1. Note down the relative contact order for the chain as a percent, whole number, built from C-alpha pairs under 8 angstrom at least six residues apart.
2. Within the chain, how many Lys pairs that are eight or more residues apart, or on different chains, come under 19 Å at the alpha-carbon?
3. Please report, in debye to the nearest 20, how large the charge dipole of the range 9-88 is about its Cα centre when each Lys and Arg carries +1 at its beta carbon and each Asp and Glu carries -1 there.
4. Can you find, among H133, V158, L188, the residue farthest towards the positive end of the dipole of the range 121-198? Put +1 on the C-beta of Lys and Arg, -1 on that of Asp and Glu.
5. Which whole-number value in Å² is the accessible area per residue of the range 153-287, probe 1.4 Å?
6. Exactly which GluC sites (Glu not before Pro) in the range 109-144 are in a DSSP loop and have at most 11 other Cβ atoms within 10 Å?
7. Report the charge-dipole magnitude of the range 153-287 in Debye, nearest 20, computed about the Cα centre from +1 at each Lys and Arg Cβ and -1 at each Asp and Glu Cβ.
8. When only DSSP loop residues count, what trypsin sites (Lys or Arg not before Pro) in the range 77-126 have their Cβ near at most 12 other Cβ atoms within 10 Å?
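The values are calculated or read from the model by the stated rules, or taken from the named source; none is laboratory data. What you see is a predicted model; the values in this text were computed from it and never measured. No Cβ is skipped: glycine too gets one built from the backbone with ideal geometry, and neighbour counts run over all protein chains shown. Only protein heavy atoms, including side chains, enter the accessible area calculation; ligands, DNA and RNA are left aside. Shrake-Rupley method; radii C 1.70, N 1.55, O 1.52, S 1.80 Å.
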Amino acid sequence: MDLTLIGHEDRYAVEQLQMALFPENPEGTAVSALSRGKTWLTATARITRNGKTVTAVRRLKAGEETVRLRRRILQQSYYLAAIQLLDRKPAWGALAGVRPTKITTKHLLEGGTPRSADRLMKDVYYVTPERRHLAVDCSESTVKAVSLLEPNDLSVYVGIPFCPTRCSYCSFVSRTIGKKTELLDAYLAALEREIRVTARLMKERGKHLRTLYIGGGTPSILTTPQMIRLLDTLREAFDFSRCIEFTVEGGRPDTLDLEKLRAIREHGADRMSINPQTMEDSVLRVCG
Ligand code: SF4
């Protein structure tokens with residue numbers, strides 16, 4: 001679907017939502033326009049598909065404009081137009097990002113209540129009751145976990161920014177590597193240097209490792225020997241005496257086998273995070 005912008009350059013915000021609402025990229029045209037009046041900033045969306053044209057308008061007071069609020073009315077207008085063409089309301093409403101709980105967690109950390117977080121997801125992002133409940137529930141657990149941290153506690157994230165293929169909606173820093181896993185050796189060598197420097201700096205500054213997470217990309221794209229090498233480097237470099245959780249993320253089932261899973265456990269990780277993206281095969285196929 002062609003997307004034309006008029007009066008603004010917030011393409012990413014609108015395009016991501018378009019991709020989420022029309023994942024099969026059907027024929028059609030969409031226009032997202034922003035006009036500035038003396039009193040109002042007005043966002044208008046017009047979408048034409050299968051001969052039917054729908055529109056929606058959202059606005060905010062011109063004096064209250066921020067980047068976040070401007071993008072919000074652009075997305076809201078696009079969403080309110082798009083749902084007139086869809087068979088059912090999307091479970092996550094007008095949210096197009098991959099971390100909906102970021103919004104609810106921020107809201108709770110800033111003093112909001114679970115009830116007001118639910119209202120925010122309903123009134124601003126049009127999220128369905130079931131998913132709102134899920135997001136607020138997850139955020140409440142996150143806030144509880146945050147309260148357990150002491151000032152010198154640190155959570156360390158180790159990124160493996162490579163994947164076998166690229167998912168259509170991906171906004172992460174990741175590069176497609178296919179089967180050329182030998183390219184990972186150079187990356188691992190640099191990563192090991194960084195791990196040692198980070199561990200030394202933490203020690204010098206009295207920081208404690210509280211949790212360690214190997215994420216991606218797809219960390220399980222590492223071969224078993226590469227995974228062992230990384231886990232052993234981490235074990236040698238950091239002091240794990242206060243670490244309560246050491247996680248390896250395994251996103252794609254085709255990158256995991258029994259040997260690798262055993263190696264992950266035997267070389268120190270005590271938690272796996274499995275990210276299936278979705279349990280629906282048809283959606284997985286569209287994602288690539
Ligand atoms: S597996 Fe994750 S990081 Fe990799 S392409 Fe898909 S969404 Fe992006």
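1. Numbers: 440 pairs, mean separation 34.5, N = 288.
Relative contact order here is 12 percent.
2. 9
3. 400
4. So the residue we want is L188.
5. Details: 7680 Å² over 135 residues.
Spelled out: the 1.4 Å probe surface of the range 153-287, per residue, equals 57 Å².
6. Details: sites: E110, E130, E140; in loops: E110.
Counting only loop positions with at most 11 other Cβ atoms within 10 Å, the GluC sites (Glu not before Pro) in the range 109-144 are E110.
7. Working: 20 positive and 18 negative charges, 66 e Å.
Dipole of the range 153-287, to the nearest 20 debye: 320 debye.
8. Details: sites: R88, K102, K106, R115, R119, K122; in loops: R88.
Passing sites in the range 77-126 are R88.
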